[in-house]
Structures are given as structure tokens and as C-alpha cells.
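Written below as C-alpha cells is the structure these notes are about.
The values are calculated or read from the model by the stated rules, or taken from the named source; none is laboratory data. For clarity, every value in this text was computed on a predicted model and none was experimentally measured. Don't worry about glycine lacking a Cβ; one is built from the backbone with ideal geometry, like all the others, and counts go over all protein chains shown. Remember, those area values only see protein heavy atoms, side chains included, never the ligands or the DNA or RNA. Shrake-Rupley method; radii C 1.70, N 1.55, O 1.52, S 1.80 Å.
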Amino acid sequence: DPFVPARDACVRQPGARPASPACKPALFDSLGAPGPAPASTALPLGAAASPRTGPPVRATRRSAGTRIVQPKKEEPLPPATSQNIPTFYFPRGRPKDTVNIDAVITKIERTFAQFPHERATMEDMGRVAKACGCPLYWKGPLFCCAGGERTGAVSVHKFVAMWRKVLQSCHDDAAKFVHLLMSPGANHLVQEDFVPFLQDVVNTHPGLAFLKEASEFHSRYITTVTQRIFYSVNRSWSGKITCAELRRSTFLQNVALLEEEADINQLTEYFSYEHFYVIYCKFWELDTDHDLLIDSQDLARHSDHAISTRMIERIFSGAVTRGRKVQKEGKISYADFVWFLISEEDKKTPTSIEYWFRCMDLDGDGVLSMFELEYFYEEQCRRLDSMAIEALPFEDCLCQMLDLVKPQSEGKITLRDLKSCRLAHVFFDTFFNIEKYLDHEQKEQVSLLRESDSEGPELSDWEKYAAEEYDILVAEEAAGEPWEDGYEAEPSPVDQKLGSLRSPLAQRPFFEAPSTLGPVDLYEYACEDDLPPS
């Protein structure tokens with residue numbers, strides 16, 4: 001036998017076989033207390049390290065028969081009873097089991113059979129839109145999505161393939177409309193996507209018939225309507241309208257009303273021509289050099305210098321440009337003026353409250369501090385002093401505003417506070433619009449609350465303003481009053497021919513010079529695209 005037994009351990013003789021597991025030195029005695037470890041035994045893995053007192057000693061190589069303590073494997077728990085959670089997220093609308101796609105396609109094919117060679121032109125798309133079950137003025141997007149703008153006509157096979165795909169993937173009107181207008185690969189709408197749709201409205205709506213031959217103004221009207229769409233629909237200020245935003249808005253209902261309402265001025269949310277007239281004329285009065293860009297001095301003249309200089313500076317700082325490239329040498333474009341004017345004349349809407357909150361939030365921390373309120377009120381005090389009107393001390397004004405807004409956190413006003421307050425317009429006017437501030441001071445708070453509590457189909461502040469200004473502009477035109485710059489010209493032959501059809505807008509001097517219709521630029525206008533007096 002190569003092993004000589006010892007009292008506590010086996011002594012291995014040179015050249016002998018490895019020890020059997022039975023005679024491996026035990027580190028623990030029968031009572032569980034650790035026994036003396038051999039000097040040549042290495043520290044077990046995971047034990048607390050101790051200072052080394054000598055050179056490292058290589059551990060004895062474990063034999064193949066050594067048992068390794070394995071951690072006890074936990075038996076997996078039996079799976080819980082699975083629950084079938086129904087789908088609750090439908091980004092493209094909830095699918096409807098009642099839609100019979102084949103029946104819809106058959107109806108479309110019968111409609112195309114009435115056209116020569118079963119090809120539909122733009123003039124035929126109204127009937128095709130009805131066969132698809134869509135509002136009439138979806139005809140432009142349907143035509144373009146099927147490739148008609150490239151070929152001038154759409155074949156029945158190409159249209160059916162396109163519409164079948166739409167019906168299979170889009171399950172409500174919002175998803176279908178976004179799919180028809182969006183660029184390939186996108187899932188949202190940007191401003192340029194609306195141009196073909198709005199151009200078709202301009203070309204075919206009876207309420208805009210007088211504009212049909214005045215093509216130089218199509219881009220102005222399209223820009224105005226596009227900005228109003230994004231002002232009301234794009235609540236995220238991202239510049240991208242999603243299906244969810246479109247679904248929550250009233251835009252598609254207004255598109256459907258285009259077919260029913262011959263007077264486009266009745267559609268005051270987006271398409272009113274009178275509203276475009278007012279906005280464009282107000283811009284033109286400020287744009288003294290008529291390059292369709294205005295600087296801070298031009299904008300300061302709005303409403304007889306009613307808005308403070310500090311607020312004008314904030315507007316030009318980029319606080320409300322939503323990241324778009326709208327500034328050019330300290331100037332803003334007509335598109336931005338649309339946002340400004342609507343926000344200035346109606347400070348009760350969510351977008352306008354966000355607009356002015358962004359302007360007043362100097363450090364962009366999401367709250368209006370007392371320092372920021374004092375910053376804007378200082379100029380109001382100076383302007384009141386120059387008018388020989390005693391201004392309230394800031395401390396007293398601040399108490400009034402805090403009582404009016406009732407912020408949730410002491411010492412700061414959040415956007416949520418202002419949206420919850422029914423008198424946000426009074427708050428804003430107090431700090432940067434001197435004329436409206438004095439007007440509010442003449443009224444008691446009770447009367448202001450009564451105005452904000454009015455229910456029913458009451459006109460918004462913007463609609464009231466636009467109606468009043470339009471009547472004034474029409475009255476000035478009827479009286480033959482010249483422009484402030486003294487320019488007056490004889491009507492062109494085109495204007496004489498269309499004088500009985502056009503609204504007063506097309507008869508104003510700066511609308512007389514004809515020009516070719518260039519590409520619609522929603523942000524900036526080149527000087528050569530202007531309408532110079534002839």
C-alpha cells in the first residue's frame with residue numbers, strides 16, 4: 001500500500017497515486033468547527049482575504065474524484081395562470097370587423113369603368129372620393145397618393161392597389177388622411193405635406209372662385225391656412241402632426257364641411273378667407289419695405305406700439321419659433337407673424353398661453369419667477385409714467401396677479417397654473433400690453449369672469465377681432481382711402497375684369513401687379529417673390 005496512515009490525515013508518498021476522496025483532509029470536524037488547515041492549502045474562493053505573510057503557495061491540484069459543493073438549484077415556480085389582455089393601443093385606429101374591403105373595391109371599380117380607358121383625371125377624383133367613402137376634398141390627396149400628379153391620370157389597377165393597402169393598414173379617418181398626405185417612410189405630417197391638398201381647395205372651392213385667376217396670392221393663402229392648422233392641431237410644438245394629434249382636433253370635421261359650406265368664410269377655424277385678409281393686411285402695413293420680412297422695429301408698431309420692447313425682443317429671440325429657420329438677419333417671416341397675431345389677439349387658447357409663457361420664461365426653467373415678472377413690469381411702469389398714469393407698485397401688482405392665478409407652488413407660476421386660470425389673458429396683458437392692460441383696469445374682475453364664463457356658440461376673441469378689422473378694412477376700401485404710404489394706382493385690366501368677383505383684398509394696390517406663381521415657401525419669402533407696385 002503506497003499510503004501510510006497518520007492520525008488526522010494521509011501522508012502521500014512520492015510517486016504514489018492521488019489520494020482517494022475518503023482520506024482528503026477535512027477542514028471541519030464533526031461538530032462543525034473549523035479544523036486546522038494545512039499550511040499548503042490555498043484560501044477557498046470567495047473567502048475573506050487575509051494579509052500574506054509569505055510567498056504564495058500553489059494549491060495542491062484537485063483530483064478527478066474530488067467532490068465539488070454545488071449550490072442547491074431552486075425549483076422553478078409553476079407558471080401563473082396566463083391572462084389574455086386585449087389590445088388597447090391602436091396607433092392607426094381600431095380595426096372594424098364591419099368593413100367589407102372587397103365591396104368597397106368593387107364600388108371603386110364600377111366608378112372607374114365610367115371613365116375613358118378606366119383612368120381618372122383630377123376632375124374625376126370627386127366621384128372616386130365618394131366611391132371610397134371619403135369627403136369630397138380628399139380627392140386631391142387621393143390623386144397624389146396614387147401617383148396622379150406625375151402622370152396626369154390614375155389607372156384603376158394602381159388606385160385599387162393603393163386604396164386596398166390603406167384600408168388594410170389604416171382603420172380611421174385620421175390614419176387614412178395622414179397616410180395619404182405624408183412623405184414615403186414618414187408617420188407624420190409636416191407643413192409642406194399640406195400644400196397639394198390646400199392648392200386643390202383654392203382651385204375648386206366655390207368660395208374661392210375669385211382667387212382662381214389671381215394665382216400670385218395662392219401661396220399667401222396656403223401659408224396662412226397651413227400655419228393655422230399647425231397652430232391648432234400640433235399641440236406638441238414639434239412641427240410634425242401625428243395621427244393622435246389629428247384625431248384630437250377638429251380639422252377633419254372642417255375638411256368635411258368644405259363640401260357642405262359654399263361660403264368659406266363660415267369656416268373660421270382654418271379656411272376663412274376674411275381671416276387671411278386681415279392677417280395679410282396687418283402684416284403688409286408693418287412690412288414697410290415689402291420684402292415679406294419684418295424686424296423688431298416693424299413689429300413694435302403693431303397696435304400703435306402697445307406691446308413692450310422687452311416682449312418684442314423675446315419674440316425675436318427664438319423662444320416661439322419651434323426650432324424652425326425663420327430668422328434672417330433679425331427678421332421674422334409672414335408665417336411667424338400669423339402665430340404672433342393670433343396669439344396676441346386671443347390669449348385664452350392653449351396655444352396662445354404656451355406662446356406667451358415661453359416668451360416670459362426668460363431662463364427656460366418651466367416656471368415664471370418673481371424676478372421674471374418684475375423684469376417685464378418695470379417697462380410697463382415706465383410707460384405708464386410717461387402717460388402721466390400712476391402705476392401700482394410691483395408688490396401690489398404681484399399680490400393681485402397671485403390672487404388671480406392662484407399658483408400651486410408659492411413664489412412661482414407654472415404653465416399648468418395659467419391654463420387652469422380663466423383670466424390668463426389679463427395676466428399676460430398686465431406685463432407687456434399697455435393698451436389692453438388699461439382696458440382691463442377699467443373693468444371689474446367680476447365682469448371679466450362673467451365674460452370668461454359665457455357658454456354656447458360665443459365667438460372667440462380672435463373671431464371678434466378678425467370680424468371687426470375686416471369691416472374696418474372694407475369700409476376704408478369703400479371710402480377710397482389711400483394707403484398710409486400714399487400709393488394709389490389704376491386697376492389693371494385683370495382687376496377690372498374680376499372686380500365684381502373678387503373680395504376687396506384683390507383690389508388693394510399691392511395686389512395689382514401680376515407675377516408668376518413660384519414654389520410655396522412656408523418660412524421665408526425672397527424679395528423677388530414680392531408683389532411690387534407697378
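A few remarks follow.
- Computed from label points 7 Å out along Cα-Cβ, the spacing between Lys412 and Lys107 is 5.6 nm.
- Descending semi-axes in whole angstrom, ellipsoid equivalent of the range 240-351, from the Cα gyration tensor: 28, 18, 13
- In a reduced charge model with +1 at each Lys and Arg Cβ and -1 at each Asp and Glu Cβ, the range 131-219 shows a dipole moment near 420 debye about its Cα centre.
- Rounded, prolate or oblate (a/c below 1.5 giving rounded, otherwise prolate when a/b exceeds b/c) for the range 85-205 by Cα gyration tensor: oblate
- Largest-first ellipsoid semi-axes for the range 335-385, taking √(5λ) over the Cα gyration tensor eigenvalues, angstrom: 21, 16, 9
- Percent RCO, i.e. relative contact order, over the range 168-216, from Cα pairs under 8 Å lying at least 6 residues apart: 18 percent
- Ordering of 383-390, 188-195, 171-178 by packing [mean C-beta count within 10 Å, highest first]: 171-178, 188-195, 383-390
- Residue by residue, the range 178-184 carries 3J(HN,Hα) couplings of 4, 4, 5, 9, 6, 6, x Hz when phi is fed to the Karplus relation 6.51 cos²θ - 1.76 cosθ + 1.60 (θ = phi - 60°); x denotes Gly or Pro.
- Distance histogram in 10 Å bins (all Cα pairs of the range 243-292, percent per bin): 23, 34, 26, 16, 1
- For the range 141-278: accessible area per residue (Å², 1.4 Å): 36 Å²
- Residues in the range 289-294 carry Karplus couplings, in order, of 8, 6, 9, 6, 9, 10 Hz; the curve used is 6.51 cos²θ - 1.76 cosθ + 1.60 with θ = phi - 60°, and Gly or Pro positions show x.
- Contour excess over end-to-end distance, with Cα ends at Asn187 and His290 and 0.36 nm allotted per residue: 33.3 nm
- The range 135-234: relative contact order in percent, alpha carbon pairs under 8 Å with at least 6 residues between: 22 percent
- Accessible area of the range 311-440 divided out per residue, in Å², using a probe of 1.4 angstrom: 42 Å²
- In the range 139-193, the inverse of the mean reciprocal separation of distinct Cα atoms equals 11.6 Å; this is its Kirkwood hydrodynamic radius.
- For the range 261-319, averaging the sequence separation of C-alpha pairs within contact (under 8 Å, six or more residues apart) and dividing by the residue count gives a relative contact order of 17 percent.
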